[in-house]
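Every number here is computed from the coordinates shown, using simple stated rules; none is lab data. Computed from a predicted model, the values in this text were never measured in an experiment. Glycine also receives a Cβ, built like all others from the backbone with ideal geometry; neighbour counts cover every protein chain displayed.
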Amino acid sequence: MSNQAASFYNRFSFFYPIIEVFLKPQKVKLMEEINTLASGKLLEVGVGSGTHLPLYQTHQITGIDISSAMLNEAEKHKQSDTILLKMSGEDLQFEDDYFDYVVLSHVLAVASNPEKLLEEVYRVLKPNGKVLILNHFTTNNWLRYIDTAFNSISGLFHFNSLFKIESFNAIKKFTLIKEVGFGRFSYFKLLIFNK
Ligand SMILES: C[S@@+](CC[C@H](N)C(=O)[O-])C[C@H]1O[C@@H](n2cnc3c(N)ncnc32)[C@H](O)[C@@H]1O
């Protein structure tokens, strides 16, 4: 786990409600997709402030985060059977083949070692389990120049503006089964992969 990333998110947590205004429509769609899936054990890595936790309807939820401040906020929104733990997605303290689903919502682009995080997700997912990845994705059109220009300073905010899912080796172990877009001009996408 990166202590710098944890302390950044501890300080950033008070500001996060403003960011969330822009992320909320996609997260509502993510929750709709998740709630259509058969009930099972679900791990959310980088649960953040957890304002979306009440929207989970079907699954047994475990949420983890490296930031205590984010987890304190998430405690206010969790349902009675939700488990919240301070833990890094890059070093999951769960046995192999444990979860039916893993949710990565705006976390892969901020993780210190996203490759390791994906390896860990693969390990803890049951065979045929699903990982749902909601993120901004750098496009192949002119918008990629904005991501490229911003990438050198985005590190100061602990995220990578240049984000291409195919750049991760670990993603090749999964099979893409569904892609949900959010309109022509949105560069957010929800990708659902099977182990
Ligand atoms: C941009 S916020 C996204 C929060 C939430 N998933 C959402 O969609 O609103 C990223 C969160 O991931 C957490 N995070 C960053 N790196 C992490 C890691 N390696 N393991 C677990 N959580 C991490 C941060 O502390 C922060 O709460």
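For GLN57 and ARG11 in one chain, what is 0.36 nm times their gap in residues minus the Cα-Cα distance, to one decimal in nm?
Working: separation 46, 0.36 × 46 = 16.56 nm, distance 3.07 nm.
Once the chain is fully extended between GLN57 and ARG11, it gains 13.5 nm.
Would region 4-43 count as rounded, prolate or oblate if I go by the C-alpha gyration tensor, calling it rounded below 1.5 in a/c and otherwise prolate when a/b exceeds b/c, oblate otherwise?
Numbers: a/c = 4.84, a/b = 1.76, b/c = 2.75.
Taking the square roots of the gyration eigenvalues as a ≥ b ≥ c, region 4-43 is oblate.
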Magnitude of the Cβ-charge dipole (Lys and Arg +1, Asp and Glu -1) of the chain about the Cα centre, nearest 20 debye, reported as 480 debye
Scattering profile of region 1-116 from the Debye formula, Cα beads only, expressed as log10 I(q)/I(0) at q = 0.11, 0.13, 0.20 Å⁻¹, is -0.33, -0.47, -1.17
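Peptides 109-118, 185-194: what's the order by average Cβ count within 10 Å, highest mean first? Can you show the working numbers first?
Details: 109-118: 19.9, 185-194: 16.8.
The most tightly packed comes first, giving 109-118, 185-194.
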Over the chain, the sum of -39500 (n - 2.57) across DSSP H runs of at least four, divided by residue number and rounded to 500 deg cm²/dmol, gives at 222 nm -10000 deg cm²/dmol
Charge dipole of region 3-194 built from unit charges on the beta carbon (Lys, Arg +1; Asp, Glu -1), centred at mean Cα; most positive-end Cα among VAL107, ASN128, ILE83 is VAL107
Expressed in angstrom and rounded, the centroid-to-centroid distance over alpha carbons for region 2-66 and region 71-149 is 9 Å
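When ranked by the protection proxy of mean other Cβ atoms within 10 Å per residue, highest first, what sequence do the peptides 159-167, 40-48 form? Don't jump to the answer; show the numbers that get you there.
Details: 159-167: 16.2, 40-48: 23.6.
Going from most to least packed, we get 40-48, 159-167.
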What the Cα atoms of region 3-194 span along the principal axes, largest first and in whole Å, is 44, 36, 29
per DSSP, antiparallel bridges as share of beta bridges in region 3-194, % nearest 5, sits at 40 percent
